[in-house]
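J.: Have a look at this one.
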Amino acid sequence: MQTLHVELGDRRYPIFIGSDLDSQQLLAPYISGKQVMVVTNTTVAPLYLEHYLDALTALGKVVSTCVLPDGEQYKNIEHLNLIFDALLSAGFNRDCTVLALGGGVIGDMAGFAAACFQRGVYFVQVPTTLLSQVDSSVGGKTGINHPLGKNMIGAFQQPQVVLADMSHLKTLPKRELSAGLAEIIKYALLGDTEFLVWLEQHMEKLLAGDPILLAEAVYRSCAHKARIVASDEKEQGERALLNLGHTFGHAIESYLGYGNWLHGEAVATGMVMAADLSERMGWISTVDLDRVKKIIQSADLPIVCPKIPLDEFLAYMAHDKKVLNGQLRLVLLKQLGQATIGSDFDVESMHQAILANQQ
Ligand code: NAD
Ligand code: GLY
């Protein structure tokens, strides 16, 4: 097992990464109150809920569960309310803990519920997808979607602890594993060319689900994220770089309807668009752009999206949280392994980068 810490002063918390983690022992110091609400979904519950219920019960906790339907389309206010219903009807107090057991959808919703319930209760992340292990479970961004924009309603709520257990990835569909690899590739492209070389060398085994290599990829990804979150928790600066590919990706996801393309798939094509625009700006070479496409393809991820009318694509991009004073800001690559954020890109080139990477 490897351990990382997100250094946030008195809110510092550990990320435990390994296979077949001893959840009872690892969770014990991080759940102070007696009441624990496990939020999960109908897919993850039959696989892992019993294990965590046993661990929590053995710790003497009073445990309730809230099992939500599975899917990004349920990451909304109506289904968030089911968590509040469960907390209130079980008589939970302010010292309770909400434990997210699932992928990013469950983590984001459970975390937001923890942020709001009685103005904030404790929160624990047990991410069960690769994407949630390398990204959404770390850093405290929580929230839900609105029909007019993804993740538009939310709060920062840091967890007490994150348990990333590689053994949970054995049941993960291949497509979901690839979606997680997209976020891993993101860390390499935005800040670590050595990691990019490592990924190029090991992609085949990562795709095959090798738990040791996956743990290494999760560790290296979380190390990047932990460092950035510690220096810019509320995204006033550097943290925005973690959104490489996301402004384009959110437009793809929103246009196609939540849940039709996976978040990681949309981010993958979004990163190609960002790299394409960076190449058009003369910042990265054509060879670099091809390298970006190749690593994304090698992870079984799409490098083009379905045809989306440009005006609609742009309208979705305009809803992005990085828009400041009405001005779109994009995360682009000054060079491979060095991301930058700003508005100093050519708008016509941006249109071309979007259109060039559609079917
Ligand atoms: P997800 O939560 O929808 O999970 C993907 C699928 O895998 C679901 O069907 C789920 O039930 C299933 N699943 C989960 N664990 C499984 C397991 N171990 N075995 C078998 N099936 C399993 O999707 P995701 O990719 O984990 O997360 C995407 C969400 O995360 C999006 O809503 C995105 O906006 C959000 N996100 C948030 C942040 C953040 O910083 N908060 C960062 C990135 C993404
Ligand atoms: N997923 C981007 C962030 O957490 O900031």
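The values are calculated or read from the model by the stated rules, or taken from the named source; none is laboratory data. These numbers were taken from a predicted model, which means no experiment stands behind them. No Cβ is skipped: glycine too gets one built from the backbone with ideal geometry, and neighbour counts run over all protein chains shown. To get the accessible areas, we keep the full protein, side chains included, count just its heavy atoms, and leave off ligands, DNA and RNA. Shrake-Rupley method; radii C 1.70, N 1.55, O 1.52, S 1.80 Å.
J.: Pairing the Cα long axis of helix 77-89 with the longest principal axis of the chain, what angle in degrees results, from 0 to 90 and rounded to the nearest 10?
T.: Orientation of helix 77-89: about 20 degrees from the principal axis.
J.: Top mean-square fluctuation among 226, 28, 299, Gaussian network model of the chain, C-alpha springs under 10 Å?
T.: Of the options given, 28 has the highest mean-square fluctuation.
J.: Continuing with this model, one more query. Just to verify a number: FRET efficiency for residue 1 and residue 352, C-beta to C-beta distance, R0 = 56 Å, to 0.05?
T.: Calculated value: 0.75.
J.: Karplus couplings for segment 36-42 from phi (6.51 cos²θ - 1.76 cosθ + 1.60, θ = phi - 60°), rounded to Hz, Gly and Pro as x?
T.: 10, 9, 8, 9, 8, 10, 5
J.: Could you please state, rounded to a whole Å, how far the C-alpha centre of segment 217-263 is from the C-alpha centre of segment 13-65?
T.: A separation of 26 Å, based on Cα centres.
J.: Go through 234/334; 294/334; 150/170; 141/322 and tell me which ones have a Cα-Cα distance over 26 Å in this structure.
T.: In this structure, 150/170 exceed 26 Å between Cα atoms.
J.: For segment 1-160, give the percent of accessible area contributed by carbon and sulfur heavy atoms, probe 1.4 Å, rounded to a whole number.
T.: Whole-percent figure for carbon plus sulfur exposure: 51.
J.: What are the ³J(HN,Hα) values, in whole Hz, obtained from phi via the Karplus relation 6.51 cos²θ - 1.76 cosθ + 1.60 with θ = phi - 60°, for each residue of segment 101-115 in sequence order, with x given for Gly and Pro?
T.: In residue order, the calculated couplings are 10, x, x, x, 5, 5, x, 5, 6, 5, x, 5, 4, 5, 5 Hz.
J.: Related question: Which of 176, 194, 279 moves the most in a Gaussian network model of the chain with Cα springs under 10 Å?
T.: Comparing 176, 194, 279 in the GNM, the peak value goes to 194.
J.: Moving to a separate point now. For the pair residue 84/residue 62, report the inter-label distance in nm, with labels modelled 7 Å from Cα in the Cβ direction.
T.: Going by the 7 Å Cα→Cβ label model, 2.2 nm.
J.: Rounded to the nearest 0.05, what FRET efficiency do residue 231 and residue 287 have when you use their Cβ-Cβ distance and R0 = 41 Å?
T.: 0.80
J.: Right, here's the next one. Can you show me the helix-derived [θ] at 222 nm for the chain, built from DSSP H runs with n ≥ 4 at -39,500 (n - 2.57) apiece and divided by the number of residues, rounded to the nearest 500.
T.: Theoretical 222 nm ellipticity from helices: -13500 deg cm²/dmol.
J.: Next question. With +1 on each Lys and Arg Cβ and -1 on each Asp and Glu Cβ, and nothing else charged, work out how big the dipole of segment 164-267 is about its Cα centre, in Debye to the nearest 20.
T.: 160
J.: Next question. In nm, what is the difference between 0.36 nm times the number of residues separating residue 314 and residue 25 and their Cα-Cα distance?
T.: Working it through step by step, the gained length comes to 99.2 nm.
J.: Going by alpha carbons, how many degrees (0 to 90, nearest 10) lie between the helix axis of 347-356 and the longest principal axis of the chain?
T.: Between helix and principal axis, roughly 80 degrees.
J.: Using a 1.4 angstrom probe, figure out how much accessible area the chain has per residue, in square angstrom, rounded to the nearest whole.
T.: Solvent-accessible surface per residue comes out at 40 Å².
J.: So, one more: Could you give the nm distance between label points at residue 298 and residue 156, where each point is 7 Å from its Cα heading toward the beta carbon?
T.: 3.6
J.: Name the aspartates and glutamates eligible as straight-distance cross-link partners of residue 75: C-alpha to C-alpha under 14 Å, and not fewer than 8 places from it in the same chain.
T.: Here the aspartates and glutamates satisfying the reach criterion relative to residue 75 are 108, 253.
J.: Along segment 302-313, what does the Karplus equation 6.51 cos²θ - 1.76 cosθ + 1.60 (θ = phi - 60°) give for ³J(HN,Hα), rounded to whole Hz, x for Gly and Pro?
T.: For segment 302-313, the Karplus curve yields x, 9, 9, 10, x, 5, 10, x, 4, 5, 6, 4 Hz.
J.: Run the simple label-point estimate for residue 76 and residue 202 please: 7 Å along Cα→C-beta, distance reported in nm.
T.: Rounded to a tenth, the inter-label distance reads 4.0 nm.
J.: Of the residues 333, 82, 241, which exhibits the maximal mean-square fluctuation in a Gaussian network model of the chain defined by a 10 Å Cα contact cut-off?
T.: 82
J.: Among 212, 261, 342, whose Cα lies farthest out toward the positive end of the dipole of the chain, if unit charges sit on the beta carbon of Lys, Arg (+1) and Asp, Glu (-1)?
T.: Most positive-ward Cα: 342.
J.: Which is the longest stretch in the chain that no exposed loop site breaks, taking sites as trypsin sites (Lys or Arg not before Pro) with a DSSP loop state and at most 15 other Cβ atoms within 10 Å?
T.: 95-233
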